[in-house]
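The values are calculated or read from the model by the stated rules, or taken from the named source; none is laboratory data. In this text the structure is predicted, and so the values were computed from the model without any measurement. Methodologically, a virtual Cβ is constructed for each residue, glycine included, from the backbone with ideal geometry; neighbour enumeration extends over all protein chains shown. Ligands, DNA and RNA are stripped out before the accessible areas are found, and what is left, the full protein with its side chains, is counted by its heavy atoms. Shrake-Rupley method; radii C 1.70, N 1.55, O 1.52, S 1.80 Å.
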Amino acid sequence: MSELPGGDEILGRCERLVSLALSRGAHQAEAYWEAEADLGLEVESGKVSSSSGSRSQGGSLRVVERGRVGFAYLTDWGASEATAERALAAARAMPEKGYRLPTAHRIAPQRKGWDASLAQLEADVASRLVHDMLDAAKTACPKGVVSGGGVGLSAGVWAIASSEGAAVHDRGTSLSAGCSVVLEQGASSVSASDSTEHWSSLDAAAVGARAGEVTQSLRNPKPLRAGGRLDLVLEPEVAHETLVGLAVDAALGDEAMRGKTVWSGKLGAEVANPALILADDPLHTEAWPGAACDGEGLPARRNAIVEGGRMQGYLFDSWDAHQHRLGSSHNAVRGGFKSPPSTGTQFLVHSSTAARPLEALIAGVDDGLLVDSVLGAHTANATTGEFSVTSPNVWRIHKGALDGPVKEVAIAGSLGEWARQAEATSTAIKRDGSWMGGHLLVRGASVSV
Amino acid sequence: MEPGEAVQRARQWGASHAEVRLETVTEQRIQLQDGELHGLLSGSETGFGVRVLVSGAWGFASSNDLSSTSWETTVRQAVDLARKSAGSREPVRLADTKTLTGKTEWKPRIDPAKVAVDEKVALLRAVDKTVRAVDGIASIDTSYADSRVEKRLVTSDGTDVSWSLVRSVAQAHFTARRDGQLAGRSSRVGGTKGWELFKDEDPVEKALAAARSTVQALGAPAAPGGRQTVVIDSELTGVFSHEAVGHASEADLVAAGESCFKGRLGKRLGIEGLTIRDDSLVPGGFGSFPFDDNGVAGASKTIVEDGILVGYLCDREHATTLGVKPNGASRAQDFHSRPLVRMSNTLMDAGDVPEDEVFAGVKDGIYCKGSRGGQVDTARGTFLFNAQEAYRIRNGELAGPVRDVSLTGDILTTLQNITALGDTQRMGDPGYCGKGQWVPVCDGGPIVRIKDCLVGGAS
């Protein structure tokens with residue numbers, strides 16, 4: 001059982017922290033508190049290798065004194081006074097920047113992303129899902145081994161309160177499953193993975209089945225005869241890791257306004273294929289329920305990044321927006337209690353006005369590749385938008401049909417190039433935690449062998 | 001409750017083996033943006049993790065609530081989780097290890113907790129001021145972080161060790177801009193050291209060199225993709241040693257059939273003279289530690305010796321599975337996490353080829369310097385890493401910068417394709433390695449020449 005504190009209780013804690021900070025001399029204050037519990041079963045060599053559970057809670061205080069911001073965090077409520085002092089000391093060391101916390105309002109908890117039975121964190125639930133996943137993987141790839149992965153359950157509550165009116169608490173549950181299958185083929189191996197996450201239920205068997213099926217289909221890859229400019233159909237996850245990830249980096253408002261990204265100075269300009277749509281949309285019907293606000297307690301909103309081929313907007317939290325005398329785009333996110341909020345996305349959606357079934361995307365490719373996964377997406381150059389990755393899991397597409405697996409290829413590109421060459425997405429949408437999207441067809445990408 | 005008591009309680013409730021890790025991390029982080037203080041925070045967190053074996057199955061639980069109720073609940077949870085998964089796999093057997101007791105303090109020469117914030121900010125401002133003077137540099141973000149880690153590990157075998165260490169790191173990211181062209185690069189200095197780190201290794205000089213090469217990259221053409229001879233600098237040699245060799249030698253991956261090194265102990269992987277070690281006792285190494293999270297003393301482990309695969313990195317569980325000795329490779333990101341087999345400082349030994357001769361052997365190739373990170377698929381034996389800067393090599397001489405180069409390939413083939421090892425070993429930059437959990441690591445080596453390496457670039 002997760003035994004988490006109630007939302008009202010931790011909101012009350014936040015309000016007490018705010019009062020404490022104000023009584024110590026802060027002009028404004030904002031407090032955040034979170035409590036989480038999780039449980040996981042880990043898999044190794046086709047079996048459950050270990051089980052883990054954790055519980056943690058902690059909070060943070062952001063104070064403003066004469067336009068200067070300070071931050072400190074705590075895990076022990078007994079240290080709240082010392083934390084307020086530390087936050088104020090940090091603020092007093094900062095330059096005066098005229099910053100003010102955003103004006104916010106009380107937001108009622110949505111109570112949509114909470115599965116009460118999942119929140120019990122029962123090991124039996126995880127065990128059943130893991131075994132469904134392992135059985136499905138084995139059925140799909142009888143000679144393969146599930147080398148890694150597992151199932152995780154978690155439950156969490158959080159609250160934000162500020163002297164400027166923010167008062168919100170909510171809670172959520174999460175269920176995740178991941179599966180990697182390896183198939184030895186003499187001196188070499190092929191492998192593939194799949195994973196997914198949902199707030200309430202997921203089909204773990206489907207995760208295992210897909211990992212097994214993809215691995216099975218990668219047997220006996222042949223070398224690609226030559227590289228060159230090829231059309232690529234990217235699995236949704238690959239599209240998310242490459243083009244979408246770089247687009248978000250380029251749209252971070254503070255970086256863009258300081259001239260540090262390839263989309264600096266490009267608001268309203270043509271930057272992409274007119275069909276492509278990239279947006280942060282926590283209000284989407286498929287978005288993680290319960291995201292009523294951003295990480296500063298401001299109401300959630302849809303922010304288009306690219307639509308109609310044009311750059312629609314940059315993303316800001318209130319601090320980044322203030323640097324440029326702008327307003328927040330309600331894009332504050334929290335990566336735990338140990339850091340202040342920063343600019344980010346809550347539910348990224350990539351789609352197109354030219355969405356079609358995957359089969360139709362493939363049928364429209366004369367000479368290309370279907371790309372299932374890439375290595376090294378995180379090594380992309382966020383400044384230039386350029387990247388070079390390797391894909392170990394690829395199938396050749398020839399005259400509109402899949403033509404067997406090929407050995408690993410190197411793929412190079414850039415945000416600028418791929419955004420323009422991304423022609424269409426598939427209607428086979430993957431929804432995975434904080435993002436959603438279909439396959440992506442990119443014309444004329446650079447492939448080396 | 002004390003860790004020793006928690007171990008006893010676990011045993012009473014049915015654990016055949018129990019270990020408790022109590023950990024406190026105290027940190028400070030500072031950020032500057034174009035020379036102006038942008039963020040300043042400090043904090044501390046204490047928590048504990050309990051790992052037990054019941055009927056040969058693992059259970060792990062953790063909490064940052066130190067109340068006695070929480071200790072009881074957490075120990076109980078670990079035991080219950082283990083009991084529930086008993087029978088789902090072959091029983092875990094732990095390799096014997098020496099019982100260790102005592103306290104080890106890796107004291108910094110200059111405790112960063114006693115260094116004023118103003119002095120730390122001044123260091124970052126010095127980096128900013130020096131780099132800003134380079135024509136073409138448009139923007140600089142600098143940051144500093146230090147952390148003190150205090151750990152105590154108690155096990156049912158009788159081990160009771162406490163240790164503490166300090167890590168410090170300063171980094172800078174520059175953006176260069178000219179005529180509509182952009183280039184970006186980072187530089188970093190870090191170690192298991194205190195403030196003396198920045199007297200031993202000058203972050204200003206390092207940042208200046210990196211900034212100059214960033215500007216040089218403006219307008220550089222894309223690297224030609226395809227198979228070429230490459231020379232990689234010490235930092236990239238370190239990344240290659242880490243990604244391609246280190247990960248493939250992690251015993252949990254080997255045992256799970258997820259490594260191309262499985263079944264290859266004693267086999268030749270590369271040229272004579274090729275020696276790669278993982279050493280958790282490198283003085284000041286960013287990945288260094290005195291004891292691993294199994295209570296095994298830190299050590300230097302040889303993975304490849306004179307071209308032959310001679311060892312894996314092992315924790316107590318997988319050492320038994322593979323029939324080898326545990327060698328201090330068990331690490332957890334923090335008390336929230338269960339320990340896994342991880343690297344520390346992964347280093348390739350220097351060879352005997354003078355550095356100019358390493359280049360002299362290249363008629364047409366690429367020289368790659370500095371790392372933007374890498375990734376590996378150990379099951380398939382495929383690796384990739386990206387260079388921060390790169391240059392064409394023509395007839396042994398550098399012939400102009402090229403942009404954004406990645407190197408990728410099959411691990412076993414690439415090891416065979418190493419044709420020269422430079423005669424000087426250098427440490428690379430500090431970094432963090434992810435395997436579901438992040439741990440601080442470092443790496444390094446000599447410059448190395450590799451034939452027939454797949455370069456990702458413009459086709």
Which Cα, out of B:Val117, A:His240, B:Gly246, lies furthest along the positive dipole direction of the protein assembly as shown (beta carbon charges, K/R +1, D/E -1)?
-> A:His240
Treat every Asp and Glu Cβ in the stretch A:68-166 as -1 and every Lys and Arg Cβ as +1, leave all other atoms uncharged, and give the resulting dipole magnitude about the Cα centre to the nearest 20 debye.
-> 420 debye
Assigned charges on the beta-carbon of Lys, Arg, Asp, Glu; the protein assembly as shown dipole about Cα centre (debye) | 460 debye
Using the structure shown, list the pairs from B:Lys103/B:Lys301; A:Lys47/A:Lys338; B:Lys151/B:Lys199 with a Cα-Cα distance above 29 Å, or answer none.
-> A:Lys47/A:Lys338
Given unit charges at Cβ for Lys, Arg (+) and Asp, Glu (-), the dipole magnitude of chain B about its Cα centre in debye, nearest 20, is 680 debye
By its C-alpha gyration tensor, with a ≥ b ≥ c as the square roots of the eigenvalues, how is the stretch B:283-376 shaped: rounded for a/c under 1.5, else prolate for a/b larger than b/c, else oblate?
-> prolate
Per residue of B:406-415, how many C-beta atoms from partner chains lie within 10 Å of its own C-beta, taken as a mean?
-> 4
Amide H proximity to A:Gln28 below 5 Å, modelled H, separation 5+ or other chain, gives A:Val64
Hey, what number do you get for chain B at 222 nm if only DSSP H runs of n ≥ 4 count, each worth -39500 (n - 2.57), divided across all residues, to the nearest 500?
-> -6000 deg cm²/dmol
Debye sum, Cα scatterers, the stretch B:41-188, no solvent: what log₁₀ I/I(0) at q = 0.09, 0.11, 0.16, 0.18 1/Å?
-> -0.56, -0.72, -0.97, -1.10
Calculated Rg and Dmax of the protein assembly as shown using C-alpha coordinates, Å = 26.4, 72
Percent RCO, i.e. relative contact order, over the stretch B:358-459, from Cα pairs under 8 Å lying at least 6 residues apart = 24 percent
Å² per residue, accessible surface of the protein assembly as shown at 1.4 Å | 35 Å²
Listed highest first by mean packing, meaning other Cβ atoms within 10 Å per residue, what order do B:273-285, A:29-41, B:104-116 come in?
-> A:29-41, B:273-285, B:104-116
Accessible-area loss of at least 20 Å² (1.4 Å probe, chain alone to full protein assembly) applies in the stretch A:186-205 to A:Ala187, A:Ser189, A:Ser191
On complex formation of A with B, accessible surface lost, both sides summed, probe 1.4 Å, nearest 100 Å², amounts to 6000 Å²
Relative contact order for chain A: what is it in percent, counting Cα pairs under 8 Å that are at least 6 residues apart?
-> 15 percent
Only helical DSSP H runs with n ≥ 4 go in: add -39500 (n - 2.57) per run for chain A, normalise by residue count and round the 222 nm mean residue ellipticity to 500 deg cm²/dmol.
-> -6500 deg cm²/dmol
Between A:Gly364, A:Ser388, A:Gly327, whose Cα lies farthest towards the positive end of the dipole of the stretch A:271-418 when Lys and Arg beta carbons carry +1 and Asp and Glu beta carbons carry -1, centred on the Cα centre?
-> A:Gly327
Hey, if you put +1 on the Cβ of every Lys and Arg and -1 on every Asp and Glu Cβ in the stretch B:1-160, which of B:Val54, B:Ala6, B:Thr69 ends up farthest toward the positive end of that dipole?
-> B:Val54
Restricting attention to the stretch A:242-292, which GluC sites (Glu not before Pro) occupy a DSSP loop and are surrounded by at most 16 other Cβ atoms within 10 Å?
-> A:Glu286
Counting alpha carbon pairs within less than 8 Å and at least 6 residues apart, what relative contact order, in whole percent, applies to chain B?
-> 16 percent
Rounded if a/c is under 1.5, else prolate if a/b is larger than b/c, else oblate: which is the stretch A:356-420, with a ≥ b ≥ c the root eigenvalues of its Cα gyration tensor?
-> oblate
Would you mind checking which residues have amide H under 5 Å from B:Asn345's amide H? H placed 1.01 Å from N; only 5 or more apart, or other chain.
-> B:Asp279, B:Ser280, B:Cys442
Counting only protein heavy atoms and using a 1.4 Å probe, what share of the accessible area of chain A belongs to carbon plus sulfur, as a whole percent?
-> 49 percent
Across 10 Å bins from the origin, how do the percents of Cα pairs in the stretch A:47-110 run, short distances first?
-> 19, 30, 28, 13, 8, 2
Contour minus Cα-Cα span, B:Val324 to B:Asp200, at 0.36 nm per residue, comes to 40.8 nm
Please compute P(r) over all alpha-carbon pairs of the stretch B:158-272, binned at 5 Å starting from zero, and give each bin as a whole-number percent.
-> 2, 8, 10, 12, 13, 14, 13, 13, 8, 3, 2, 1, 0, 0
Inter-chain shielding metric for B:32-44, i.e. average beta-carbon neighbours from other chains within 10 angstrom, reads 6
Write out the trypsin sites (Lys or Arg not before Pro) in the stretch B:25-103 meeting two conditions: DSSP loop, and at most 16 other Cβ atoms within 10 Å of their Cβ.
-> B:Arg93, B:Lys98
Ignore the peptide's own chain and count Cβ atoms of other chains within 10 Å of each Cβ in B:80-86; give me the average, rounded.
-> 5
The set of residues whose placed amide H lies less than 5 Å from the amide H of A:Glu44, leaving out same-chain residues fewer than 5 positions away, is A:Ser49
What is the stretch A:310-444 by shape, rounded, prolate or oblate, if you read a ≥ b ≥ c off the alpha carbon gyration tensor as root eigenvalues and call it rounded for a/c under 1.5, prolate for a/b larger than b/c, and oblate otherwise?
-> prolate
Cβ-Cβ FRET estimate between B:Thr24 and A:Asn220, R0 fixed at 60 Å, reported to 0.05 = 0.70
What is the local net charge at B:His247, summed over the other residues whose Cβ is closer than 10 Å to its Cβ (Lys, Arg +1; Asp, Glu -1)?
-> -2
